[in-house]
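Q: Pasting in a structure now, in structure tokens, and then I'll have a few things to ask.
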Amino acid sequence: MSDSSLRLVWVYPDLLSTYGDQGNALVVERRARQRGLDVTRIDVRSDQQVPTSGDIYLIGGGEDRPQRLAAERLRRDGGINRAVANGAIVFAVCAGYQIIGNEFINDLGRVEPGLGVLDVRSVRNEGARHVGDVLADVDERLGLPPLTGFENHQGNTVIGPSARPFARLRYGGGNGTGDGTEGAWCDTVFGTYMHGPVMARNPQIADMLLKLALDVNALPPVDERWYEALRAERIAAASQPA
Ligand code: GLN
């Protein structure tokens, strides 16, 4: 950590914040405070510079045009790339996931370069849009329970050799490439198609990021009743698709 206060950066709320993704910032912040940790949340709009001294960067989803604008500005800014080179943690959802990869297809149908901090490449799925509940078992190295999320995307994502699948699908489209994978990760950088917001449904993700930032193996327990009730409801919904 850069100093005594944990620095949580919420990237481009004006462009990338669909399906309640801002909830991820609220959950990380709350679970840090519940452990008595001092946390500073920094919301960075797209006309501002991305700080390079953050500990955790959260990026949300977005529609196709805002996604292109965000990618252009983040490339020009360079802050996320510098932060990752310094060991910062990134958790990106949907459009954010596509942006942190090597490239994606933009709203004009052209190949748009991403930030290249995660070895994935997104392509346009010519079939039906992936919309609905997701249930997925996470890479066992990460020690997380099955995750529940909500997806709504047209892009599909191919994982390159330096990244691994974040999870294996029980239900849902995920990366959409037919290999049953959902999201991707490498070291401290994570991408997923799961909105929800995914950390309200799966607060263990927020704890995983906090543990990485603090370099500890465990955190003090907190009251999980509300989260567990939401998880149970969404897992039941995902198990019985409409
Ligand atoms: N525009 C992207 C796609 O459709 C991401 C959508 C999103 O963030 N929900 O693939």
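The values are calculated or read from the model by the stated rules, or taken from the named source; none is laboratory data. On a predicted model such as this, the values are computed, not experimentally measured, just so you know. Please note: Cβ atoms are built from the backbone with ideal geometry, for glycine as well, and neighbour counts cover all protein chains shown. Side chains are part of the model used for accessible areas, which takes the heavy atoms of the whole protein and leaves out ligands, DNA and RNA. Shrake-Rupley method; radii C 1.70, N 1.55, O 1.52, S 1.80 Å.
Q: Would you mind telling me which residue in D137, D207, D223 has the biggest mean-square fluctuation in a Gaussian network model of the chain, where springs connect alpha carbons within a distance under 10 angstrom?
A: D223
Q: Work out the length of the dipole vector of the stretch 27-88 about its Cα centre, built from +1 on the beta-carbon of each Lys and Arg and -1 on the beta-carbon of each Asp and Glu, and round it to the nearest 20 debye.
A: Values: 12 positive and 9 negative charges, 21 e Å.
It works out to roughly 100 debye.
Q: Once neighbouring chains are kept in place and the probe is 1.4 Å, which whole percent of the accessible area of the stretch 191-233 is contributed by carbon and sulfur? Display every interim value, and only then the final one.
A: Numbers: 1070 of 1920 Å².
Summing carbon and sulfur atoms, their accessible area is 56 percent of the total for the stretch 191-233.
Q: Please compute, over every Cα-Cα pair in the chain, the percentage with a separation greater than 30 angstrom.
A: On the way: 5208 of 29161 pairs.
For the chain, the fraction of Cα-Cα distances above 30 Å is 18 percent.
Q: Taking only protein heavy atoms and a 1.4 Å probe, what accessible area per residue, in Å², does the chain have with all protein chains in place?
A: On the way: 10310 Å² over 242 residues.
In whole numbers, the chain has 43 Å² accessible per residue.
Q: For V222, put the label point 7 Å out on the Cα→Cβ axis and report which residues of the stretch 6-38 keep their amide N under 18 Å from it.
A: 6-10, 21-38
Q: While we're here: Considering amide H positions built from the backbone, and no H for Pro or chain starts, which residues 5 or more places from V189, or on another chain, come under 5 Å of its amide H?
A: For V189, the qualifying residues are V90.
Q: Placing +1 on the Cβ of each Lys and Arg and -1 on the Cβ of each Asp and Glu in the stretch 181-242, which of N202, A218, C186 has its Cα farthest towards the positive end of the resulting dipole?
A: The listed residue farthest towards the positive side: N202.
Q: At 15 Å minimum axial length over the Cα atoms and a Kyte-Doolittle cut of -0.5, report the qualifying DSSP H helices in the chain, or say none. List each step's numbers first, then the result.
A: Working: long enough: 22-34 (18 Å, -0.93); 64-77 (20 Å, -1.92); 203-214 (17 Å, 1.06); 225-239 (21 Å, -0.41).
Helices passing the filter in the chain: 203-214, 225-239.
Q: Moving to a separate point now. How large is the helix-only mean residue ellipticity at 222 nm for the chain, computed as the sum of -39500 (n - 2.57) over DSSP H runs with n ≥ 4, divided by its residue count, in deg cm²/dmol to the nearest 500? If you can, show how the numbers build up before the last one.
A: Working: 7 runs with 71 residues, N = 242.
Value at 222 nm, helices only, nearest 500: -8500 deg cm²/dmol.
Q: In debye, nearest 20: dipole of the stretch 96-232 around its Cα centre with unit charges on the Cβ of K, R (+) and D, E (-)?
A: Details: 12 positive and 18 negative charges, 34 e Å.
Charge dipole, the stretch 96-232, about its Cα centre: 160 debye, nearest 20.
Q: Counting only residues 5 or more places away or on other chains, whose amide H sits under 5 Å from the amide H of R170 once H atoms are built in the peptide plane?
A: L135, A136, D137
Q: So which trypsin sites (Lys or Arg not before Pro) in the stretch 7-102 are both in a DSSP loop and have at most 13 other Cβ atoms within 10 Å of their Cβ? Walk me through the numbers on the way to the answer.
A: Numbers: sites: R7, R30, R31, R33, R35, R41, R45, R68, R73, R75, R76, R82; in loops: R35, R45.
Counting only loop positions with at most 13 other Cβ atoms within 10 Å, the trypsin sites (Lys or Arg not before Pro) in the stretch 7-102 are R45.
Q: If you put +1 on each Lys and Arg Cβ and -1 on each Asp and Glu Cβ, how big is the dipole of the chain around its Cα centre, in Debye rounded to 20?
A: Values: 26 positive and 31 negative charges, 19 e Å.
That gives a dipole near 100 debye.
Q: Which whole-Hz ³J(HN,Hα) couplings does the stretch 121-130 yield from phi under the Karplus relation 6.51 cos²θ - 1.76 cosθ + 1.60, θ = phi - 60°, glycine and proline marked x?
A: 9, 10, 10, 8, 7, 7, x, 5, 5, 7
Q: Can I ask one more? For F104, list long-range residues whose amide hydrogen, built 1.01 Å from N in the peptide plane, is under 5 Å from its own amide hydrogen.
A: Those lying under 5 Å, H to H, from F104 are E112, G114, S122.
Q: Write out the trypsin sites (Lys or Arg not before Pro) in the stretch 118-171 meeting two conditions: DSSP loop, and at most 13 other Cβ atoms within 10 Å of their Cβ. If you can, show how the numbers build up before the last one.
A: Values: sites: R121, R124, R129, R141, R168, R170; in loops: R129.
Loop-located and lightly packed - R129.
Q: If you roll a 1.4 Å probe over the stretch 102-145 with all protein chains in place, what percent of the accessible area is carbon or sulfur?
A: On the way: 1010 of 2290 Å².
Carbon and sulfur atoms account for 44 percent of the accessible area of the stretch 102-145.
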